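Have a look at the structure below, then the notes.
The values are calculated or read from the model by the stated rules, or taken from the named source; none is laboratory data. Small disclaimer: the values here were computed from a predicted structure and weren't measured. Cβ placement follows ideal geometry from the backbone for every residue including glycine, while neighbour counts extend to all protein chains displayed. Heavy atoms of the whole protein, side chains included, go into the accessibility calculation; ligands, DNA and RNA do not. Shrake-Rupley method; radii C 1.70, N 1.55, O 1.52, S 1.80 Å.
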Amino acid sequence: MINRSLPVNKLRDAWVEINLGNLEYNINSIKNKIKETLNKGSKMPKLMAVIKADGYGHGSLMCAPILTACGVGAFGVASVDEGLELRSNKINEPILVLGTVPIWAFESAAKNNITVSIFNAEHLEAAKILYERTKLKLKAHIKIDTGMNRIGIQTDKAVDFIKQVQNADYIDLKGIFTHFADVETPEILKLQKENFKKVINSIDTKNLTIHCQNSLGAFIDPEIKCDMVRLGIILYGLSPLTEGKNCGICLPDLKPVMGLKARITNIHTIQKGEGVSYGYAYIADKTTRVATIPIGYADGVSRNLSNKIEAGLNGRKIKQIGRVTMDQIMFDITDAKDAKVGDIITLLGNDENNYFSIDEWAKILNTINYELTCRLKVRLPKIYIR
């Protein structure tokens with residue numbers, strides 16, 4: 001049988017390190033912070049952990065049991081396939097596919113107790129045909145587009161659509177939700193909240209889970225009835241705040257869950273004037289001791305980080321030199337005179353008194369931490385610690 005799974009390299013001295021103890025710390029810290037934001041007498045909302053894209057690169061199957069034990073009552077995924085992977089590994093909590101599910105996958109979702117997002121007449125017709133053919137009743141949440149302009153039923157059509165679904169005996173409606181495009185900009189947030197509130201106040205919400213808050217929105221009073229918050233990147237100890245914006249949101253204390261490490265595979269000395277890696281983008285200005293590690297842009301370390309990042313080696317900061325290549329990266333370890341082949345270089349995470357953050361990489365690359373953690377799941381094995 002042909003195996004078409006991604007080529008995880010288990011026999012190479014490079015790995016992603018996932019600290020499950022930090023994951024547990026984060027969810028408990030988040031819960032405490034949410035309680036602080038609640039009005040007196042308000043009920044603690046349900047918690048959904050968004051573990052799509054293999055838990056943002058952290059490993060959904062290892063993270064899910066920890067999150068469940070800490071009080072998470074539901075999981076959000078991007079596709080039916082991700083839901084099936086959880087089900088096949090005995091994850092029994094409610095699973096919601098947050099994105100669009102193709103109608104031909106409705107049957108697989110229904111058979112495996114996976115809830116789908118619906119928002120158009122085609123979805124209703126497909127659910128009806130499925131029920132007539134198999135007697136399987138599709139579990140669903142209705143997605144409302146309040147201004148994200150990605151997917152969902154538009155607000156001016158939402159009330160009629162919701163009532164139609166509520167009257168359909170072939171769909172088991174479980175909830176209604178929307179997604180905020182920009183929690184940090186008050187004008188945008190206000191418009192979306194008002195759009196959502198208008199819909200929710202026009203329908204019968206009995207026995208329905210209403211949700212709109214994401215990692216950042218969880219700490220803002222939405223001024224509307226919400227029964228559940230969706231926690232994503234914040235679970236993994238990374239900030240969802242936009243660099244440079246000051247929206248007055250105070251996040252809980254967090255501990256990054258992901259680290260990135262590799263062992264030195266080669267050490268050699270070059271002389272002043274010699275170049276390192278492709279194109280000699282780095283030229284030594286002195287006699288330099290160079291260490292190579294077996295990790296590169298095929299593993300998710302962007303080539304655009306070349307000559308711009310630091311790492312840790314035995315408690316010292318060392319500079320990356322030369323272009324990042326597909327499978328290998330070089331560092332200047334001239335000042336680390338005790339370094340030897342087999343020593344660990346920490347690209348992300350703690351190295352004694354130094355911490356190397358993926359947010360620094362994101363700043364250099366003009367992107368977000370979410371994207372970079374997801375990149376690191378391609379070839380590298382994950383080592384789990386507590």
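Mind checking whether some residue in region 210-228 is surrounded by fewer than 17 Cβ atoms within 10 Å (Cβ to Cβ) and under 16 Å from residue 98 (Cβ atoms)?
No, every residue in region 210-228 fails to be surrounded by fewer than 17 Cβ atoms within 10 Å (Cβ to Cβ) and under 16 Å from residue 98 (Cβ atoms).
Restricting attention to region 308-316, does a residue exist that is over 25 Å from the mean Cα position of the chain (by Cα), part of a loop (DSSP other than H, G, I, E, B) and buried (at least 22 other Cβ atoms within 10 Å of the Cβ)?
No, the conditions are met nowhere in region 308-316.
Which pairs do you get when a residue that is of a type in the set (D, E, K, R), found in region 343-370, comes within reach of a residue that is outside any strand (DSSP E or B) and surrounded by 17 or more Cβ atoms within 10 Å (Cβ to Cβ), reach meaning Cβ atoms under 6 angstrom, with the pair 6+ apart or on two chains?
Once the first residue is of a type in the set (D, E, K, R) and sits in region 343-370, its partners that are outside any strand (DSSP E or B) and surrounded by 17 or more Cβ atoms within 10 Å (Cβ to Cβ) give 343/264; 359/369.
Could you pull out the residue among 124, 86 that is surrounded by fewer than 23 Cβ atoms within 10 Å (Cβ to Cβ) and within 26 Å of residue 385 (Cβ to Cβ)?
Exactly one residue qualifies, and that residue is 86.
Under the condition of being part of a loop (DSSP other than H, G, I, E, B), open to solvent by less than 10 Å² (accessible area, probe 1.4 Å) and touching a Cys at 6+ places or on another chain (Cβ under 9 Å), which residue from region 11-64 is nearest to residue 85 (Cα to Cα)?
Looking only at region 11-64, we keep the residues that are part of a loop (DSSP other than H, G, I, E, B), and these are 11-13, 38-45, 51, 57-59.
Applying the additional criterion that residues be open to solvent by less than 10 Å² (accessible area, probe 1.4 Å) yields 51, 57-59.
Imposing the further condition that a residue be touching a Cys at 6+ places or on another chain (Cβ under 9 Å) reduces the set to 51, 57.
Values: 51: 12, 57: 15 Å.
Out of the qualifying residues, it is 51.
For region 127-179, how many residues meet the condition of being assigned to a strand (DSSP E or B), within 17 Å of residue 193 (Cβ to Cβ) and open to solvent by 60 Å² or more (accessible area, probe 1.4 Å)?
1
When region 317-338 is examined, which residues are found to be open to solvent by less than 10 Å² (accessible area, probe 1.4 Å), farther than 15 Å from residue 361 by Cα and part of a loop (DSSP other than H, G, I, E, B)?
322, 333, 336
For the structure I just gave you, tell me whether residue 297 is aromatic (Phe, Trp, Tyr) and over 20 Å from residue 357 (Cβ atoms).
So residue 297 does not fit the description; no.
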